[in-house]
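K.L.:
This is the structure I want to talk about, given as structure tokens.
Derivation of every value follows stated rules applied to the coordinates shown; laboratory data play no part. Quantities reported herein were computed from a predicted structural model and do not represent experimental measurements. Neighbour counts are summed over all protein chains in view; Cβ atoms, including those assigned to glycine, are modelled from backbone coordinates with ideal geometry.
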Amino acid sequence: MDIFTSVFLMGLLGSVHCLGMCGGMVGMLSAGLDPQIRANPKKVALFHLNYNLGRILSYMLMGAIFGLIGTLLAQTLQMNEFDKVLRIFSGVLMVMVGLYIGNWSSSIQILERLGAKLWAKLQPLTQRFLPIRNLRSAFFTGLLWGGIPCGLVYGALSFSVLSGSMLEGGLIMLAFGLGTLPSLLLMASLSIQLGFFIQKPGVRRLSGLLIIVLGIMALWMPIKFMIFDSMRMNHSHSVISISKFTNFDYLV
């Protein structure tokens, strides 16, 4: 499974977490619209599309920045070892996200608390666009919305670092954002029904379990290479030892 498919599925399966975190904000934005707009489902859908376009663009910008960081790190560190460590880190983050969504562990909240410091600086800027009166305000609100501290986003960003490319880092976050899009668009029209559905323990556990499986798959690749490298080194040492033992000069 390639990295784009993995982050898309992470966004899709992690939507239960997105709705839990952003559901209140979606409801607030809907309630703040002009009554004439709220009376027109097509106009409401257009506003929510703009929120999400802004949000996904913010993910792409962050992905490009983290891709650039990956490029700089790769130039200063041993690329082979750096790649393995980062792949393991990405897999561990994905497993932590799955454990959190399944309500088995809240360890990912440590990262979310770190991200909350950035959100504390961005949040006051959203007041400039509230209440939402036009599509432009909706778009820029969504752009700032992408800064909400979220372990799921941080897990996807770790893959952007791994890409070692600004372009690929941005595209990875585009794939992730598209994965989260269906549920958040549905939230606009089915907020109550969807809210009840995602809170069901079985739904959260199944989504969390599937993300954990994706994390284990991401972990297996670098671990497999480390095992093979270790076996290859042991084999090389064995060949050298046998060669020395059979060297006639050595025996004499």
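K.L.:
Read phi for every residue in region 139-156 and hand back ³J(HN,Hα) as whole Hz from Karplus 6.51 cos²θ - 1.76 cosθ + 1.60, θ = phi - 60°, with x for Gly and Pro.
P.N.:
With the stated coefficients, region 139-156 comes to 5, 6, 5, x, 4, 6, 4, x, x, 4, x, 8, x, 5, 5, 5, x, 5 Hz.
K.L.:
Here's another thing I want to ask about it. What's the extension gain from N40 to L167 if we count 0.36 nm per residue and subtract their Cα-Cα distance?
P.N.:
Going from the current span to full extension adds 41.9 nm.
K.L.:
Going by a ≥ b ≥ c, the root eigenvalues of the Cα gyration tensor, does region 87-197 fall in the rounded group (a/c under 1.5), the prolate group (a/b larger than b/c) or the oblate group?
P.N.:
Prolate.
K.L.:
Could you sort 4-12, 133-141, 155-163, 117-125 so that the peptide with the highest average Cβ count within 10 Å comes first and the rest follow in order?
P.N.:
Going from most to least packed, we get 155-163, 4-12, 133-141, 117-125.
K.L.:
If you don't mind, there's one more thing I want to ask. What ranking of T71, T180, T76 emerges when the number of other C-beta atoms within 10 Å of each C-beta is taken as an exposure proxy, fewest first?
P.N.:
Fewest-to-most ranking of T71, T180, T76: T76, T71, T180.
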